[in-house]
1. In this structure, does V105 turn out to be of a type outside the set (D, E), closer than 20 Å to G180 by Cβ and not assigned by TED's automatic domain parsing to the domain that holds L37?
2. If the requirement is being within 29 Å of E87 (Cα to Cα) and touching a strand residue (DSSP E or B) at 6+ places or on another chain (Cβ under 7 Å), which of these qualifies: V142, V131?
3. Tell me which of these Y53 doesn't satisfy, since it passes every other one: (1) under 13 Å from the mean Cα position of the chain (by Cα); (2) over 21 Å from H127 (Cα atoms); (3) buried (at least 17 other Cβ atoms within 10 Å of the Cβ).
4. Would you point out the residue of the range 69-123, among those that are surrounded by fewer than 19 Cβ atoms within 10 Å (Cβ to Cβ) and among the basic types (K, R), that is nearest to the chain's Cα centre (by Cα)?
5. Looking at the range 93-202, what helices (runs of 4 or more DSSP H) fall wholly within it and have at least 1 residues that are among the β-branched types (V, I, T)?
6. Here are some residues: H149, H127. Which one is farther than 23 Å from A187 by Cβ, modelled with pLDDT under 95 and more than 11 Å from the chain's Cα centre (by Cα)?
7. Considering A184, A161, which residue is under 17 Å from I4 (Cβ atoms), surrounded by 21 or more Cβ atoms within 10 Å (Cβ to Cβ) and either in contact (Cβ under 8 Å) with a residue 24 or more places away in the chain or charged (D, E, K, R) (or both)?
Amino acid sequence: MPTITIPAGKYDAFLFDCDGTLADSMPVHFKAWTSALEQLSGAPSKFEESFFYTLGGIPTRKIVEILNGKYGYSLDPEETAHIKELEFLQWLGDIKPIAATVELVKSMGKDVPKGVVSGGLSHIVGHTLDVLGIHDYFQTVVTADMVEHGKPFPDMYLLAAEHLKAKPERCLVFEDAPPGFDAAKAAGMDFIDVIPYYEKAA
């Protein structure tokens, strides 16, 4: 299994995206989106999987707004997000850990300052971390429903740093998608793209 190397002494806190970074859950999320859109529109989903993966880290309700604009839907963001998350919960058991990052979290132990920063909703992220068995390795979990602006804005990462009492420049972020990379950069934080480790581990 490939390992992620971190420079010693450079960082005080470590911030992890959830879906696609800690959890191999993106296929489950796409299945939930497809089911929700078909229920609400009464027609086959127009949401292409390739486009879905470009939206990693963007809050659920914001994705609904994007889908309305791109595909001509007239979906209510609150209702659609609710149905999508209910669908997702049905398939929680299908979620698997992404080995490289989950092993890194465990190797750090429970005392090193760590947080999860996710565009998902808090209860969904909590369930996901419970399935992975790593919820208690993190001192804070920041989700899209806690801030006004989600990724690619820096708000969530800055809030997580505040919770951990760490300066942004002393935080290292682990992400898998451009909105997360942009959020980390906007927060003044270094980041690691976990996709190369994930693909090698697959």
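The values are calculated or read from the model by the stated rules, or taken from the named source; none is laboratory data. Predicted, not measured: the structure shown is a model, and the values here were computed from it. In this analysis, Cβ positions are derived from the backbone assuming ideal geometry, glycine residues included, and neighbour counts consider all displayed protein chains.
1. On the way: of a type outside the set (D, E): yes; closer than 20 Å to G180 by Cβ: yes; not assigned by TED's automatic domain parsing to the domain that holds L37: yes.
Answer is yes for this residue.
2. Details: V131 fails: touching a strand residue (DSSP E or B) at 6+ places or on another chain (Cβ under 7 Å).
Criteria check complete, one pass: V142.
3. Unmet condition: (3).
4. Only one residue tops the list, namely K96.
5. Values: elements: 99-108, 122-132, 155-163, 178-186, 195-201.
Counting at least 1 such residues, we get 99-108, 122-132, 195-201.
6. Details: H149 fails: farther than 23 Å from A187 by Cβ.
Step by step, each of H149, H127 is checked, and only H127 is farther than 23 Å from A187 by Cβ, modelled with pLDDT under 95 and more than 11 Å from the chain's Cα centre (by Cα).
7. Working: A161 fails: under 17 Å from I4 (Cβ atoms).
Just one listed residue meets the conditions, A184.
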